[in-house]
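Taking it in order: structure first as structure tokens, then the write-up.
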Amino acid sequence: MFNAVVVITWCFMLNMGVSDPGINMLSQGCSYYNVGSVSNFNSNLNITFGLVRTDLMNSGKKFVTEQSLSGPDSVYAMFQCRDYMSAADCIACFSAASTQIRNCSVANGARVVYDGCFLRYFPGSCKLS
């Protein structure tokens, strides 16, 4: 009986140790400039982050750019997680980053860098050639 408990506990600990969402924050920065319309900005930010999450969940990509251009305070976002991370860990890192970056309140740009991912939003274009 004791051996079975030890084996089950050991297996459980192995499963717990495999996942590493990489959410140790390395740096954060907020723009010194604020948005013009807080409600429009928050709507665009929520839409953009929702699109990023959908892309991560549906495509398995590790690098995503999205935008919401409604009204005067458009939001462009760029997110990347490390190649070795699982899809679940990448999404967990995005969740942590998207929560933390909101501490910049109504700044028109912000970034947060974790050891497993980074997230940035800004009012400029996110087009990559």
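Some observations on this one:
- Estimated inter-spin distance, ASP20 and ASN42, nm [label 7 Å along Cα→Cβ]: 3.8
- Projected label distance in nm at TYR33 and SER70, using a 7 Å step from Cα toward the beta-carbon: 2.3
- P(r) histogram, all alpha-carbon pairs of the stretch 30-84 included - 5 Å bins from 0, percent: 4, 21, 24, 21, 14, 10, 5, 1
- Backbone N under 15 Å from the SER95 label point (7 Å along Cα→Cβ), restricted to the stretch 38-64: 50, 53-54, 56-58
- Size of electric dipole in the stretch 22-122: Cβ of Lys, Arg +1 and of Asp, Glu -1, about Cα centre, debye, nearest 20: 40
- Size descriptors for the stretch 22-122, from the alpha-carbon set: Rg then Dmax equal 12.9, 39 Å.
Every number in this text was worked out from the coordinates using simple rules, so none of it is lab data. Just so it is clear, the model here is predicted, and its values are computed rather than measured. Reconstructed Cβ throughout: ideal geometry from the backbone, glycine too, with neighbour counts over all protein chains shown.
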